[in-house]
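Novice: Here's a structure for you.
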Amino acid sequence: MIRVPAAPAGRLSDAWRYCVGTGRLDLALRRDYQDSLALVRREIGFRYIRGHGLLSDGMGVHRPYTWRGARHVRHSFTYVDQVVDALLALGIRPFLELGFMPGGLASGERTVFWWRGNVTPPRDWKEWAELVRATMAHLVDRYGLDEVRTWPVEVWNEPDLPDFWQDADERVYHRLYEVTAHAVKEVDAALQVGGPALSPAADGWLERFAEFAERRDVPVDFVSRHAYSSGPAQHVPFGTHQTLAPASALLEQFAAPRERLKGTRLAGLPVHITEFNSSYRPDNPVHDTAFHAAYLAPVLVHGADHADSFSYWTFSDVFEETGVPTALFHGGFGLLTHRQVKKPTYHLYAFLARMGRELLARGEDHLVTRHADGRVTVLAWAPVDASGATPGPGRHRLRLSVPAGPGEVFVRRSTVDEEHGNARTAWQRMGSPRSPRPHQLDVLREAAEPARDHRRLPAADGRVDLDLTLSRHGIALVELEPVEDQAPPWWDERRLLGRDPE
């Protein structure tokens, strides 16, 4: 029996919901995208959203033209306005990523993704700086300086990988960062700019970025990198299998920037993990499983020890890096499938959103918090082996002594595991339909809801004993509040017809 202290150990950080990732930004023009974002905003409460392609051709910002024999550029913000308006209307702010290169400004034709984001340097650095200045100035003019000062501005995405930056040329990225950061600051010195948005594979890049920033006196307001724990991709048609490192590997990656930047000018800056997940592939079925929720539980609970934010990649399967999804469950990154079917990892986030702010206890399989009104909440999970093997009989027992008031306590439990809150299981049983019919979608949304039960437990000496058993790959939210019995004195429950004699 683990005795949970009555006195709080501190405040529960909400770094886990500071930001969430998304596909390219022009997807935000779609109804399914906006419906999905409204759901996660309402039930989870993400504060910022980050995606690729703000300056790519799909957003139509950079529009070169010829007039009287001379080349000119018009900056058009039609789609930018619609996207940002939609985000702000839902109560979520943009975490801006400046990229990729507009085709009319690109120095080459190398692209990434099905939607062909150009990853080459600008052929005209002055024109690139003007594009950045014009974009930031427009945002300030439309949304106000005080508002835009709260939006972090990240320069590019994973420049250490050839897929995202031509030849992964570090020297040229440093030039891109310098030109971009100064252009941002020319609009307003208090705008937040940072990077270098490195992949987990970056070796030495962060240390050299710090040296470059100090040597050139380049503004850096925050440091960003990404974290994934999967091994090499083993491809099958429209899918990928990968091994996983233990979840602790993600926490080690979260911690790496602060460790590597000790003694540099960038030490002490906010650290944002602007992408993280288990697999870096948008077609790995592990993302859709209960295993995935239990695997990531300790990462969400302990991640704030190492970073100021860590942004789940991504909130929705409305996402097209490798093409349009070919099935409802296809291994997409999202917490939701398209058509808003919740995955088990969605519930991990939704459970955390219902926790209190007073931190009472944390462990390898539990988190206990308290709300300001005295309600106590417990998040519990069954630890998983990253190899996929489940030790023992597949059940995990957790016994807690939890502080409570006098008298009885109302206990509500919500559970997700292989059989509950797991629409993929139901989808497989109905034959894995690639395009479920409307009535099948209704069944899947119903299957996606957690199992729920409730009971009353006695409190003794201001404490309640919880004996929780979690099934294979299970997570559970347990909410406790004192019972204030308001039944009238004349009511006799023993006289109720059909009453259970027990």
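Novice: Between region 245-262 and region 142-176, what is the separation of their alpha carbon centroids in Å?
Specialist: Here the answer is 22 Å between Cα centres.
Novice: Where only protein heavy atoms count, and the probe is 1.4 Å, what is the accessible area per residue for region 1-60 in Å²?
Specialist: That works out to 40 Å² for each residue.
Novice: List the lysines whose Cα sits under 21 Å from the Cα of Lys185, skipping any in the same chain fewer than 8 residues away.
Specialist: Straight-distance partners of Lys185: Lys126.
Novice: Next up: Met1 accessible area, nearest 10 Å², 1.4 Å probe?
Specialist: Counting only protein heavy atoms, the figure is 110 Å².
Novice: Cβ under 15 Å from Asp14's Cβ, Asp14 left aside: what net charge do those residues give with Lys, Arg +1 and Asp, Glu -1?
Specialist: Local charge sum for Asp14: +4.
Novice: Could you give the distance between the Cα centres of region 1-78 and region 367-385, to the whole Å?
Specialist: Computed from Cα coordinates, the inter-centre distance equals 29 Å.
Novice: So what's the gap between the Cα centers of region 434-502 and region 338-355, to the nearest angstrom?
Specialist: What the calculation gives is 19 Å, centre to centre.
Novice: Sticking with this one: Quick one, which of (1) 152; (2) 224; (3) 183 is the actual volume of the Cα convex hull per residue in Å³ calculated for this model?
Specialist: Checked against the structure: label (3).
Novice: Taking θ = phi - 60°, what integer Hz values does the Karplus form 6.51 cos²θ - 1.76 cosθ + 1.60 yield along region 251-259, in sequence order, with x for Gly and Pro?
Specialist: Taking θ as phi minus 60°, the curve returns 5, 5, 5, 4, 7, 4, x, 5, 5 Hz for region 251-259.
Novice: Using the Cβ atoms and a cut-off under 12 Å, what net charge is assigned to the surroundings of Ser471, where Lys and Arg are +1 and Asp and Glu are -1?
Specialist: Counting the neighbours of Ser471, the net charge comes to 0.
Novice: A follow-up question, please. For region 103-231, what does the accessible surface come to per residue with a 1.4 Å probe? Please give it in Å².
Specialist: With all protein chains present, region 103-231 gives 39 Å² per residue.
Novice: Carbon and sulfur atoms: what percent of the 1.4 Å accessible area of the chain do they account for?
Specialist: 48 percent
Novice: Which aspartates and glutamates have a Cα less than 13 Å from the Cα of Lys262, not counting those fewer than 8 places away in the same chain?
Specialist: Correct list for Lys262: Glu207, Glu211.
Novice: Which stretch or stretches of region 327-355 have amide N atoms under 17 Å from the point lying 7 Å from Glu446's Cα along the Cα→Cβ direction?
Specialist: Answer for region 327-355: 341-342.
Novice: Which whole-number value in Å² is the accessible area per residue of region 345-502, probe 1.4 Å?
Specialist: About 56 Å² of surface per residue is accessible.
The values are calculated or read from the model by the stated rules, or taken from the named source; none is laboratory data. What you see is a predicted model, and the numbers here were worked out from it, not measured in a lab. Cβ atoms come from the backbone with ideal geometry, glycine included; neighbour counts cover every protein chain shown. Side chains are part of the model used for accessible areas, which takes the heavy atoms of the whole protein and leaves out ligands, DNA and RNA. Shrake-Rupley method; radii C 1.70, N 1.55, O 1.52, S 1.80 Å.
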